[in-house]
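S.K.: Handing you this structure, nothing more for now.
Values quoted throughout were computed directly from the atomic coordinates according to the rules given, and no laboratory measurement underlies them. Note that the structure is a prediction, hence the values are computed from the model and not measured. Neighbour counts are summed over all protein chains in view; Cβ atoms, including those assigned to glycine, are modelled from backbone coordinates with ideal geometry.
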Ligand SMILES: Nc1ncnc2c1ncn2[C@@H]1O[C@H](COP(=O)(O)OP(=O)(O)OP(=O)(O)O)[C@@H](O)[C@H]1O
């Protein structure tokens, strides 16, 4: 639906590009999780796609007429109007009429759980409630591509799940989504593809199903890692890290796991915890990005 070709962006007066040479395609119905540390360029990329800023170089190639819904990081509503008045104002801006207007309004109100807050002035809502109103106003748009910029920050866990469910529904109805968040379990829930930005460049672009199939082993002791095990990891040329009283061994195959287990069972003191599992998106991210979330 949209192809980003050699996109660059430099803020006026800045000494370097905030984004450089960004290339990827967004397919219809796809949900992309956009990750990166503070300042990596996520909001700048969403602003380019939303056509709020124009690229310094490169192109955005739309297959059809751009049709966008944006839920920005900064709150975008009228504080002096009630939630309901804001919703109707945005519905007017999106030219929503008749049955479609009613349906979109009901969906947005339900997703953001605004039923009991409709008559309150937007400026008098709590921080989390304001985020929910902001979300509702964004998903009102009759769009094909929705951009969500850290929309669950400060939202309580029950409401957060409602927002995520609404995004899943958008995806099921064939909409495309780009979702930025620092909460990786959220991205694991909704996205099938992850793009990691680092200092304005795409560092990783993977389908989540393609995460490495090898497992990570985490072993914890009450006091100190037995030195024999560290030596064994070195001898076997394993990819491992020592953290306080834990040993984390990455991308461990079944035979390596069996060898280690034999050694561990003969080593004292015995570990207090062992976890052998597929790396979560968070572990994978920390490995690739070098530790900054
Ligand atoms: N209005 C601006 N003028 C100049 N530089 C800017 C402006 N906005 C952002 N930048 C710079 O562009 C780079 C990318 O910023 P951006 O806001 O896109 O990062 P981000 O990944 O969204 O970060 P965060 O996770 O903190 O929201 C940063 O180096 C930032 O300092």
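S.K.: Restricting to DSSP H runs of at least four residues, report the calculated mean residue ellipticity at 222 nm for the chain, -39500 (n - 2.57) per run over all residues, nearest 500 deg cm²/dmol. Kindly include the intermediate steps, with their values, before the conclusion.
M.R.: Working: 9 runs with 99 residues, N = 293.
For the chain, the value works out to -10000 deg cm²/dmol.
S.K.: Given labels modelled 7 Å from the Cα in the Cβ direction, how far is it in nm from residue 54 to residue 267?
M.R.: Taking the two extended label points, one gets 6.1 nm.
S.K.: Sort 107-119, 226-238 for me by packing, meaning the mean count of neighbouring Cβ atoms within 10 Å per residue, highest on top.
M.R.: 107-119, 226-238
S.K.: Then there is this: Under 16 Å from a label point 7 Å along Cα→Cβ of residue 223: give me every residue in the stretch 252-284 with its amide N that close.
M.R.: From the stretch 252-284, the list is 268-272.
S.K.: What is the distance in Å between the Cα centroid of the stretch 58-103 and that of the stretch 1-35?
M.R.: What the calculation gives is 23 Å, centre to centre.
S.K.: Rounded to the nearest 5, what % of DSSP beta bridges with both residues in the chain are antiparallel?
M.R.: The answer is about 65 percent antiparallel.
S.K.: Which stretch or stretches of the stretch 115-151 have amide N atoms under 20 Å from the point lying 7 Å from residue 38's Cα along the Cα→Cβ direction?
M.R.: Inside the label zone: 128, 149-151.
S.K.: Turning to a different aspect of this structure: So which residue, out of 73, 30, 256, gets the largest mean-square fluctuation from a GNM of the chain using Cα contacts under 10 Å as springs?
M.R.: 256
S.K.: Between residue 244 and residue 188, what FRET efficiency comes out of the Förster formula 1/(1 + (r/R0)^6) with R0 = 25 Å and r the beta carbon distance, rounded to 0.05? Intermediate values should be presented prior to the final figure.
M.R.: Numbers: r = 26 Å, r/R0 = 1.03.
In this case the efficiency is close to 0.45.
S.K.: Further question: Under a point spin-label approximation (7 Å from Cα along Cα-to-Cβ), what is the residue 205-residue 28 distance to one decimal in nm?
M.R.: Output for this residue pair reads 2.1 nm.
S.K.: Among 18, 191, 270, which one shows the biggest mean-square fluctuation in a GNM of the chain, springs joining Cα atoms closer than 10 Å?
M.R.: Of 18, 191, 270, the Gaussian network model singles out 270 as fluctuating most.
S.K.: Run the numbers for residue 89 and residue 237: contour at 0.36 nm per residue of separation, minus the present Cα-Cα distance, in nm.
M.R.: That pair, residue 89 and residue 237, stretches by 47.1 nm at full extension.
S.K.: Go ahead and set up a Gaussian network model of the chain, Cα springs under 10 Å, then flag whichever of 74, 54, 267 fluctuates most.
M.R.: 267
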